[in-house]
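Data first, discussion second: the structure below is written as structure tokens.
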Protein chains: 2
Amino acid sequence: MTEAAEAPTRRERMAQRKRAVILAAALDLFSRYGVEGTTLEAVAQQADVSKSNLIYYFPGKEALYAAVLADVLEGWLVPLDELRPEADPATAIRAYIATKMAFSRDNPAASRLFCLEVMQGAPVLTGRLRSVLRPTVEAKAAVIRHWIEAGLIAPIDPHQLIFSLWATTQHFADFATQIRALRDRDLRDPAFYEESVAHVTELFLQRLRPAGASRSSR
Amino acid sequence: MTEAAEAPTRRERMAQRKRAVILAAALDLFSRYGVEGTTLEAVAQQADVSKSNLIYYFPGKEALYAAVLADVLEGWLVPLDELRPEADPATAIRAYIATKMAFSRDNPAASRLFCLEVMQGAPVLTGRLRSVLRPTVEAKAAVIRHWIEAGLIAPIDPHQLIFSLWATTQHFADFATQIRALRDRDLRDPAFYEESVAHVTELFLQRLRPAGASRSSR
DNA sequence: GTCTATATCCCGATAGAC
DNA sequence: GTCTATCGGGATATAGAC
């Protein structure tokens, strides 16, 4: 017989790969047209499966959306790892901005879908925002507070700092269309990418420089 | 006969008022559920008119959406007026941030709908972004360049500065749900509003302080 | 200008053969 | 696991009376 008890890895790997293809298609379309603006037919077509087959893998549109969002949030959290208490603050902030800007460049659809979900009241994600994002943010706020108390950076509201970092870096993904309309450029242009990273970095390092330090950031 | 050639102002004023009520309802619902996620029935109900009557005023959903967006963009442009060449840069930046933050507080739905439209590729607004927003931004970039050349502020990329200002101020409207999930506060809380304005202002004034100036911003 | 009734279409989901 | 066929619901938009 073809199916034994041991390890159907071959078939399972195929299934996992198919799931990934479907999730990628769904992310792309959801982020561009919204969840309600996207039909399962379109997702199926872009993922190169039949609509019924799509529904076999994800039992309904809501389930598909939830699965996509779970993936998105996971990747969205990664950059925060850069803010470690033992690191040099300036280096850590630089690394954080670089990582987040790279995320905006490489995963604009993920950034947009996250923005969409939050803007609409985070119907699916509210729970996780409170249960996983909130504790993470509190931990990072503590790191920032520690840096302030050690005199390594100027006094600042840690939460406000985090919000501003998010805002400035994600803007390049979420408002890419507007930036293109105004400047005909986006982060995929290496020169514009470098210029943008440098700008955001400078903005925050100037603000965080402790009282006694000299002006230039490099 | 009841209809004469002179001035049916009474009836016209009623009609204008009704249009405004419909537009307000549409803005609220579109911004919360997306355009595709909003039914004309729901708009009609919230505006307290019948669905057929709604369609009488706006011939189709697309037309309604376009009308709402036109209103939104108009209000969205106003704060930029604060950046006048003859003004003191620090005062002008302060005023700009204050105006934009007040807009985020008082018109969060407008901010979100604008964000939604842009994120989805600005299908309706691209033309206007290029034809009206772009020239306005160029004019304001020239003002900033003028300030730099006069030695009134530190050197900075004018467009990047504008993008960062937009990003940080609009974040409070577009990501209000996230901020509430993390901090249980929003801009309608006066203390949080003041704290947020102060934070954003400080962030930019530190960056823009010319080389010779002292550190404190007030 | 405002209403009721309805035409028309499309989408999500199911049933069931293979 | 994958397919075809189809049901059932719901939303936009129109027709036409008042």
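Computed extension gain for B:LEU152 through B:VAL132, at 0.36 nm per residue and net of the alpha carbon distance, reaches 4.4 nm.
Here the protein assembly as shown is treated with +1 on each Lys and Arg Cβ and -1 on each Asp and Glu Cβ, and its dipole about the Cα centre works out to around 220 debye.
Summary value for the stretch B:9-59: 32 percent relative contact order, contacts being C-alpha pairs under 8 angstrom separated by 6+ residues. For the stretch A:131-218, the gyration tensor built on C-alpha atoms gives an oblate shape. Its axis ratio a/c (a ≥ b ≥ c) is at least 1.5, and a/b is not larger than b/c. Note on chain B: with charges restricted to the Cβ of Lys and Arg (+1) and Asp and Glu (-1), its dipole about the Cα centre is near 140 debye.
With helices as the sole contributors, chain A gives -22000 deg cm²/dmol at 222 nm; each DSSP H run of n ≥ 4 counts as -39500 (n - 2.57), and the sum is divided by every residue. If one computes P(r) from the Cα atoms of the stretch B:9-59, what percent of pairs lie at distances over 16 Å? Value for the stretch B:9-59 (Cα pairs over 16 Å): 36 percent.
With contacts taken as Cα pairs under 8 Å and at least 6 residues apart, the stretch B:126-209 reaches a relative contact order of 27 percent. Ranking B:ALA167, B:TYR33, B:TRP76 by Cα position along the charge dipole of chain B, where only Lys, Arg, Asp and Glu carry charges on their C-beta atoms, puts B:ALA167 farthest toward the positive end.
Along each principal axis, taking the top coordinate minus the bottom one, the Cα set of the protein assembly as shown gives 91, 66, 38 Å in descending order. Taking only protein heavy atoms and a 1.4 Å probe, the accessible area of chain A is 53% carbon and sulfur.
At 15 angstrom or more along the helix axis (alpha-carbon based) and mean Kyte-Doolittle of -0.5 or higher, what helices does chain A contain? Whole DSSP H runs only. Correct list, ordered by number: A:9-33, A:61-77, A:89-106, A:108-119, A:134-149, A:158-174, A:190-208. With K and R counted +1 and D and E -1, the other residues having a Cβ less than 12 Å from that of B:THR38 yield a net charge of -2. Charged neighbours of B:PHE192, selected by a Cβ distance under 13 Å, balance to -1 (K, R count +1; D, E count -1).
Reducing the stretch B:21-53 and the stretch B:67-90 to their Cα centroids gives an inter-centroid distance of 27 Å. Take the accessible area of chain B alone and of chain A alone, subtract that of the pair, and you get about 5000 Å² summed over both chains, using a 1.4 Å probe. Sorted from nearest, the other copies put their B:ARG32 label points 3.0 nm away, the label point being 7 Å from Cα in the direction of Cβ. What number, in percent, do you get for the relative contact order of the stretch A:58-126 if the mean sequence gap of Cα pairs under 8 Å and at least 6 apart is divided by its residue count? Here the relative contact order equals 33 percent. A label point on B:GLU86, set 7 Å along the Cα-to-Cβ line, lies at 6.0 nm from each of its counterparts in the other copies, closest listed first.
With 50 Å² as the minimum drop in accessible area between chain alone and full protein complex (1.4 Å probe), the qualifying residues in the stretch B:194-216 are B:HIS199, B:LEU203, B:ARG207, B:ARG215.
Shielding value for A:154-161 is 4, the average number of Cβ atoms from other chains within 10 Å of each residue's Cβ. Please compute the net charge surrounding A:LEU69, taking Lys and Arg as +1 and Asp and Glu as -1 over other residues with Cβ under 13 Å from its Cβ. So the environment of A:LEU69 carries a net charge of -1. Accessible area per residue for the stretch A:9-59 is 65 Å², calculated with a 1.4 Å probe on protein heavy atoms, without ligands, DNA or RNA. Ascending distances from the B:PRO190 label point to its copies in the other chains, with the point 7 Å along the Cα-to-beta-carbon line: 5.5 nm. When the convex hull of its Cα atoms is viewed from all sides, the stretch A:70-208 shows a mean projected area of 8.4 nm².
Counting only Cβ charges, +1 for Lys and Arg and -1 for Asp and Glu, the dipole size of the stretch B:62-134 around its Cα centre is about 200 debye.
The values are calculated or read from the model by the stated rules, or taken from the named source; none is laboratory data. Because the structure is a prediction, the values reported are computed rather than measured. A quick note on method: Cβ atoms are made from the backbone with ideal geometry, for glycine too, and the neighbour counts reach across all protein chains shown. Areas reflect the complete protein model, heavy atoms only, side chains present, ligands, DNA and RNA absent. Shrake-Rupley method; radii C 1.70, N 1.55, O 1.52, S 1.80 Å.
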